[in-house]
Amino acid sequence: MLERGETFMSGYTVQDRNELSGSGVGTKVSPVQFAADMKELRSVIGVLHDRASLKPLVVAPDGFFDYGWFKQFLTAAGPGGVDVITRHIYNLGPGVSEDLESKILNPNYLNNEKKNFRTVRSLLQAVAPSTVAWVGEAGGAYNSGHHLVTDAFIFSFWYLDQLGMAASYGTKVYCRQSFIGGNYGLLNTTTFEPNPDFYIALLWNRLMGTTVLAASFKGALYLRAYAHCQKNTTQGGVTILLINLSKLITYKVSTVLLTAPSKTSTRLEYHLTAANGDLHSQVMLLNGNALGVTLDRNIPTLTPVQVDSSTPISVAPLSIVFAQLPDASVQICGS
């Protein structure tokens, strides 16, 4: 993480400062001053990379979202003033909170963040249409999270819902806090074994393409659903993500693909549950088998089960399912 006042240059990204937007964290910078600084930074980049065909991106402000501050900043920065607008998400509150589990499993609480995603998208469309949105840092619960919550299976509900929500509102990049460190790392800080969210990130990356599809259902408050074109599909394949926050209800989900000319014959399913049914376990089961590195320290094979696509998808209580329909023939996912 960058400290205040530092500039980070890696490849083709330039990030300036950290958490100085809005009321800041400890200190703050006015949106007009921040915009002036970005203009100066853009000028420096122009000099240093004047002959480069691909110049570094200017990424800012990497702080908490404040509508008024962000609007003033983008307006003062002017067209193309920044390439990427970034914000941080710690919407569960401090890591010491005792109500993290109830928030993570509360669909109404999770829905609160939709407003920010939607507002950022609308703001960019109105003020800075050439600028894209990133989540520059998100650990859910600030001050290093909470052991056996933000580094355990239960946090996968929050993390996957965030990824699905971000994609639905056009956010192009989502940076997880952290790969290793604190109580929200993807790796265990002592053993370096993957925590459950490591496998969540891996499955998302392998299965979910960049084209987002509409996914809707009725009468299932505790079921979250997202759909994307299958990654690297050439046959119009689709991947559906189902998140069951209910402790009691098993949902039976029948898929209806409105743009598909024909039904698929086989569906690939990845059912994710907590070891021994313990939401605070740091071991995740894939189709009933515990995930862990192999004896030669490699990532295990993530093997789905094959199911007749005419049958409903069964989503057990407190479980997550990726369902892949490789032969869905959805036109927008074709090529």
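The values are calculated or read from the model by the stated rules, or taken from the named source; none is laboratory data. This structure is a prediction, so every number in the text was calculated from the model and none was measured. Ideal geometry is used to build each Cβ from the backbone, glycine not excepted, and the neighbour counts take in all protein chains shown. Note: areas computed on protein heavy atoms with side chains; ligands, DNA, RNA excluded. Shrake-Rupley method; radii C 1.70, N 1.55, O 1.52, S 1.80 Å.
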**Request:** For region 61-85, name all the residues that are farther than 19 Å from residue 40 by Cα and out of contact with any Leu (no Cβ under 9 Å at 6 or more places or on another chain).
**Result:** 64, 65, 66, 68, 69
**Request:** Looking at (1) part of a loop (DSSP other than H, G, I, E, B); (2) farther than 30 Å from residue 83 by Cα; (3) modelled with pLDDT of 95 or more, find the lone condition where residue 184 falls short.
**Result:** (2)
**Request:** Say whether the condition of being among the hydroxyl-bearing types (Ser, Thr, Tyr) and touching a helix residue (DSSP H, G or I) at 6+ places or on another chain (Cβ under 8 Å) is met by at least one residue in region 60-71.
**Result:** yes
**Prompt:** When you look at residue 318, is it modelled with pLDDT of 95 or more, closer than 17 Å to residue 152 by Cβ, open to solvent by 30 Å² or more (accessible area, probe 1.4 Å) and not polar (S, T, N, Q), yes or no?
**Reply:** yes
**Request:** Scan region 137-152 and give yes if some residue there is at pLDDT 95 or above, open to solvent by 50 Å² or more (accessible area, probe 1.4 Å) and part of a strand (DSSP E or B), otherwise no.
**Result:** yes
**Prompt:** Counting residues that are in contact (Cβ under 8 Å) with a residue 40 or more places away in the chain and surrounded by fewer than 15 Cβ atoms within 10 Å (Cβ to Cβ), which strands (runs of 3 or more DSSP E) fully inside region 12-117 reach at least 3?
**Reply:** none
**Request:** Kindly indicate the residue of region 61-84 that is over 24 Å from the mean Cα position of the chain (by Cα) and of a type in the set (Gly, Ala, Ser) and also farthest from residue 129 (Cα to Cα) among those meeting that condition.
**Result:** 68
**Message:** Given (1) in contact (Cβ under 8 Å) with a residue 24 or more places away in the chain; (2) among the aliphatic types (A, V, I, L, M); (3) farther than 21 Å from residue 209 by Cβ, identify the lone condition not met by residue 295.
**Reply:** (1)
